[in-house]
Amino acid sequence: MNNVLPENIGQGELARLIPVVPDANKEAKITSALLATLMGVPEFAIHMLSLAGCKINTRSKVRCFTEIVFLDKNGKHVDIKGSDRPDGIIVVKTGKARWSALVESKI
C-alpha cells in the first residue's frame, strides 16, 4: 500500500510536510502538512484517528492524499469544480481491514 490510491480515487498527490502548492492556496498547504504529519508521527495518528472511530495501531499503514479526483462507476474521472472537491483523504490499512475518511479543511 505504498502510495497506492483507493480503487475509487483516480488521482491524488501524496501529502507532503512541505507542500509544493502556490502560496495563495493556504488551505491546501496546511491540509497537506497536517496529513503528512499523520503519516510521519504514528502516535499522533493513533490518537487523532482513534477519536474518529478508526481502529489503528503501530502496525497500521496510514496514507494521506490531497487534490483527489474521484472515479465514476465506469472508471472515468468525475468532473467536479475545484470548490466542490474534498481537500484530502486519509486511508488506514490494518491487516486486511481498510478505513478511510474524506477531509474538508478550513482556515
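The values are calculated or read from the model by the stated rules, or taken from the named source; none is laboratory data. Worth saying up front: this structure is predicted, and the values here are computed from it rather than measured. Neighbour counts run over all protein chains shown; Cβ positions are idealised from the backbone, glycine included.
Here are the numbers for this structure:
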{"item": "Among the residues listed as Lys55, Lys93, the single one being in contact with a Ser or Thr (Cβ under 9 Å, 6 or more places away or on another chain), over 27 Å from Ile107 (Cα atoms), basic (Lys, Arg) and assigned to a strand (DSSP E or B)", "result": "Lys93"}
{"item": "Single residue of region 1-29 satisfying the filter (at pLDDT below 85 and over 14 Å from the mean Cα position of the chain (by Cα)) that is nearest to Gly95 (Cα to Cα)", "result": "Val21"}
{"item": "Tally, over region 47-91, of residues that are within 12 Å of Leu35 (Cβ to Cβ) and either touching a helix residue (DSSP H, G or I) at 6+ places or on another chain (Cβ under 9 Å) or among the aromatic types (Phe, Trp, Tyr) (or both)", "result": "12"}
{"item": "Candidates Ser100, Ser50, filtered to the one that is small (Gly, Ala, Ser), surrounded by 12 or more Cβ atoms within 10 Å (Cβ to Cβ), free of Cβ contacts under 8 Å to residues at least 60 places away in the same chain and out of contact with any Ser or Thr (no Cβ under 8 Å at 6 or more places or on another chain)", "result": "Ser50"}
{"item": "Considering residues of region 53-73 that are under 17 Å from Pro6 (Cβ atoms) and of a type in the set (S, T, N, Q) only, the residue surrounded by the fewest Cβ atoms within 10 Å (Cβ to Cβ)", "result": "Ser60"}
{"item": "Any hit, region 30-39, residues being more than 12 Å from the chain's Cα centre (by Cα) and surrounded by fewer than 16 Cβ atoms within 10 Å (Cβ to Cβ)", "result": "yes"}
